[in-house]
Amino acid sequence: MESWETLTEKKEKTECGKIKEVWGKLFNTWYRGFFNADTRYLFKESKKTKPLIIQFGDFVRSFGHPWGNGDTCSFCFRNSRFSYKNIFTSEHSKLLGASAGERGVPNSFWNLNPEQSLRICDFCNFVLLNHHLALTRLSDGSEIFINAPSFQVMWYLNKFAREVLGPASSEEMRSKRNILAMSVIEYATKIQATLGVWTGMNIEVVSKRGGEIEFFSLPYEVIQLLADRRIASLLSQIGEFSVLNLVLAQDFSRLLELGYRLLRIGLKTVVEWGKSERDFVNQTLRLEKNKQHPARVADQLFQLSALIEEKRQRRETYERSCIF
């Protein structure tokens, strides 16, 4: 049903209709050939095979029995179960897989020899058949996935990426670093655990546009700051991309300058603001709640600067102690 929501025009109303609509999309476009895409046989058997939905059920049940006969999966490196489509081909990934079947180009991947080709177990098969659900589409037509060393962290970061993309304008969300940063902030503020050891490892955005793949990651020092609950909470409360971008650029002195200027403006009433002051507030702050209370934003910026400085000093002290 999630694939139906994501991939189709959502014309069907009944459950059977929805399954038919998305089945053809999945196995004629995304994973062409992995299952028969002919929906006439989705719920009824053909002359040679069981109904496709029964075949799919058998396939899903197969990886409920993880241990196999000694074969090792090239993807998860486990001794896994192999019962269906277990040589990696274009049926698993049209971008990366080899040609499948005798009518293709069988020598494109070592003649599809099981001893030389990539072996893929039933469970990893199923993971690849759902990779379209992991991609978040952006307004520029590209698709992104946030990669991390932990499946749990990946799941939450990508979930939050979809959430923060909703209220943000396309102009604000063009930057991959903003998407990654906001996702880390949401993770740190909403999940009852910290990123912990994962903050010291690589967290990156994988961006796919057409046949081009790009990678973008944030510096270790920035991830450390964003993963701090107090810092993340303040950035979330402020909610301004202009402030977030200063943190991402590690331009911390500008945070204080911005705070002092907003405080001076905020000490006056709105009617006392001059044109330059009004323009500065409108250009710097996008949220109406912040435009009405620049002094409050200034106070939050001072708190943010203090927390960042405290965090940096602790890290420097720790690094010096490690040296000696």
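With a/c under 1.5 counting as rounded, go ahead and sort segment 224-322 into rounded, prolate or oblate using the C-alpha gyration tensor (a ≥ b ≥ c being the square roots of the eigenvalues; past the cut-off, prolate if a/b is larger than b/c, else oblate).
Because a/c hits 1.5 or more and a/b exceeds b/c, segment 224-322 counts as prolate.
Given the protein chains as shown and a 1.4 Å probe, how many square angstrom of D58 are accessible, to the nearest 10?
Accessible surface of D58 is approximately 60 Å².
Amide H neighbours of I203 under 5 Å, at least 5 residues apart or on other chains, H built in the peptide plane: list them.
Amide H neighbours of I203: L218.
Determine the gain in length on full extension of the stretch V60-N79; use 0.36 nm per residue of separation and subtract their C-alpha separation, reporting nm with one decimal.
5.1 nm
State which entries of K159/K291; K208/K311; K159/K208; K47/K85; K20/K94 exceed 26 angstrom in Cα-Cα distance in the structure shown.
Too far apart for the 26 Å limit: K159/K291; K208/K311.
Quick one: net charge around Y31, please, counting Lys, Arg +1 and Asp, Glu -1 for every other residue with C-beta under 15 Å from its C-beta.
+1
Using the basic label-point model (7 angstrom from Cα toward the beta carbon), what is the K94 to Q250 distance in nanometres?
That separation, rounded to one decimal, is 4.3 nm.
Determine the shape class of segment 1-73: with a ≥ b ≥ c the square roots of the Cα gyration tensor eigenvalues, call it rounded for a/c under 1.5, and otherwise prolate if a/b is greater than b/c, oblate otherwise.
prolate
Run the simple label-point estimate for D71 and S242 please: 7 Å along Cα→C-beta, distance reported in nm.
Spacing of the two 7 Å Cα→Cβ label points: 6.0 nm.
Go through 142-152, 230-240 and give me the packing order, highest mean Cβ count within 10 Å leading.
Packing order, densest peptide first, comes out as 230-240, 142-152.
Using θ = phi - 60° and the Karplus curve 6.51 cos²θ - 1.76 cosθ + 1.60, what whole-Hz ³J(HN,Hα) does each residue of segment 13-21 get, with Gly and Pro shown as x?
Coupling constants for segment 13-21: 10, 7, 5, 4, x, 5, 5, 4, 5 Hz.
Can you give the local net charge around L218? Use residues other than it whose beta-carbon is closer than 15 angstrom to its beta-carbon, Lys and Arg +1, Asp and Glu -1.
Combined, the nearby Lys, Arg, Asp and Glu give -4.
Heads up, I need the accessible area for M154: 1.4 angstrom probe, whole protein in place, Å², nearest 10.
It works out to around 20 Å².
Return the distance in nm (one decimal) between the two label points of a simple spin-label model at S150 and T6, each offset 7 Å from Cα along Cα→Cβ.
Taking the simple label geometry, S150 and T6 are separated by 2.3 nm.
The values are calculated or read from the model by the stated rules, or taken from the named source; none is laboratory data. Remember, it's a predicted structure, so these values are computed and weren't measured experimentally. Because the Cβ atoms are built from the backbone with ideal geometry, glycine has one as well, and the counts that use them run over all protein chains shown. Quick note on the areas: whole protein, heavy atoms, side chains included, nothing else; ligands and nucleic acids left out. Shrake-Rupley method; radii C 1.70, N 1.55, O 1.52, S 1.80 Å.
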